[in-house]
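Only one structure is covered here, and it is reproduced in the block below.
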Amino acid sequence: MTAPESEPAVRPALPSAMDEEETLKLLRDGRLEMAGRLVEATNMTLYCTVRLGERAVACVYKPVRGERPLWDFPDGTLAAREVAAYEVSQATGWHIVPPTVYREGPFGPGMCQLWIDTEREIDLMRLVRSRNPVVRRMAIFDAVVNNADRKGGHLLPLPTGHVYGVDHGVCFAVEDKLRTVLWQWRGKPLSREAVGVLAKLERELDSGSLGRKLRDLLTTAEVEATWKRVRRLLDTGVHPYPFEGWPAIPWPPI
């Protein structure tokens, strides 16, 4: 195995003076006020403000009733998959997915996620093609959750250097469906940090709180498949290659 890279600190962007739990409570219990719709999104995606007492933040609300049927994912499950991706993100300690909850809203139950303002001066295509270690973490995360749609536009770079990832509704399938623009590390040895994180995920999925949380959001087979993907990464010790018989890159790529 090659020597470990110098891993950057994880610097998530939370609302001023609020920690993760406070942010989750605001997203879960606050009053949703719709401000607009993101019309380019495939599924109904509403831009909202969520208020609780004196606090308010911008967020994205995706109601289950606004999900378009897919041939390869059960109807009405995308919101729960987004929340499951957040739980895996938290378990890694990499904070790849912004704070996300499942809650009731004006159009029924759905997922509610903190809105992230990005660094607009960053060249997104250059970031996608880079060897940025923060983006490399995302490539590992996507392999774990079996992300079938990692487009470049789903990367949200911040001025701090942190990079968030969004739109995880088509993750956690039992069959291998990894489709991503982040293949530059295929076949490369995993960093020592990544191996440690994956070992922790394996334990958490097997007998820890992560496994219990995911079983409330996914099927038993999907949770078991997630554990197997983590085990496969640890056994091979390298970033995965594209799978035969499945498109490697989503369309459009951005």
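The values are calculated or read from the model by the stated rules, or taken from the named source; none is laboratory data. None of the values given here were measured: they were computed from a predicted structure. Glycine gets a Cβ as well: all are built from the backbone with ideal geometry, and neighbour counts include every protein chain shown. All accessible areas refer to the heavy atoms of the entire protein, side chains included, with ligands and DNA or RNA removed. Shrake-Rupley method; radii C 1.70, N 1.55, O 1.52, S 1.80 Å.
Would you mind getting the accessible area per residue of the chain, heavy atoms of the protein chains only, 1.4 Å probe, in Å²? Let's see the in-between values first.
Numbers: 12330 Å² over 254 residues.
Averaged over the residues of the chain, the accessible area is 49 Å².
Filter the chymotrypsin sites (Phe, Trp or Tyr not before Pro) in region 136-228 down to the DSSP loop ones having no more than 13 other Cβ atoms within 10 Å, then list what survives.
Working: sites: 141, 164, 172, 183, 185, 227; in loops: 172, 183, 185.
Passing both the DSSP loop test and the Cβ count: no residue.
Need the full-extension length gain, residue 212 to residue 188, defined as separation in residues times 0.36 nm minus the C-alpha distance. One decimal, nm. Let's see the in-between values first.
Values: separation 24, 0.36 × 24 = 8.64 nm, distance 3.18 nm.
Here the segment from residue 212 to residue 188 would lengthen by 5.5 nm.
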- line: So, over other residues within a Cβ distance under 11 Å of residue 92, counting Lys, Arg +1 and Asp, Glu -1, the net charge is -1
field: Value of Rg/Rh across the chain [Cα atoms, Kirkwood radius]
entry: 0.94
message: How large is the translational diffusion coefficient of region 26-67 in µm² per second when you combine the Kirkwood radius over alpha carbon pairs with Stokes-Einstein at 4 °C and 1.567 mPa s?
response: 122 µm²/s
query: Counting only the backbone N, which residues of region 112-142 are under 16 Å from the spot 7 Å out from the Cα of residue 9 toward its beta-carbon?
result: 134
message: Between residue 246 and residue 35, what is 0.36 nm times their sequence separation minus the Cα-Cα distance? Round to one decimal in nm.
response: 72.1 nm
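For region 38-125, state the average projected area of the convex hull of the C-alpha atoms over all orientations, rounded to one decimal in nm². Walk me through the numbers on the way to the answer.
Values: hull surface 31.1 nm².
Result: 7.8 nm².
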- line: For region 155-229, Rg(Cα) over 2.2 N^0.38 Å is 1.27
query: Ordered by packing density, taken as the mean number of other Cβ atoms within 10 Å over each peptide's residues, highest first, how do 186-196, 145-155, 236-246 rank?
result: 145-155, 186-196, 236-246
query: What's the long-distance tail for region 89-217, i.e. % of Cα pairs beyond 23 Å?
result: 35 percent
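What part of the accessible area of region 57-151, given as a whole %, is carbon or sulfur when the probe is 1.4 angstrom?
Numbers: 1880 of 3730 Å².
Taking all protein chains in place, region 57-151 shows 50 percent carbon and sulfur surface.
Can you give the helix-only mean residue ellipticity at 222 nm for the chain, where every DSSP H stretch with n ≥ 4 adds -39500 (n - 2.57) and the sum goes over all residues, rounded to the nearest 500 deg cm²/dmol?
Details: 7 runs with 84 residues, N = 254.
Counting only the DSSP helices, I get -10500 deg cm²/dmol.
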message: In Å and on Cα atoms, what radius of gyration and Dmax does region 111-183 show?
response: 12.3, 38
- prompt: Amide H neighbours of residue 132 under 5 Å, counting only residues 5+ apart in sequence or on other chains, H built in-plane at 1.01 Å?
  reply: none
- prompt: In debye to the nearest 20, how big a dipole does the chain give about its Cα centre with +1 on each Lys and Arg Cβ and -1 on each Asp and Glu Cβ?
  reply: 320 debye
query: Along the Cα-to-Cβ line of residue 42, 7 Å from the Cα, sits a label point; which residues in region 95-121 have backbone N less than 20 Å from it?
result: 97-98, 110-113
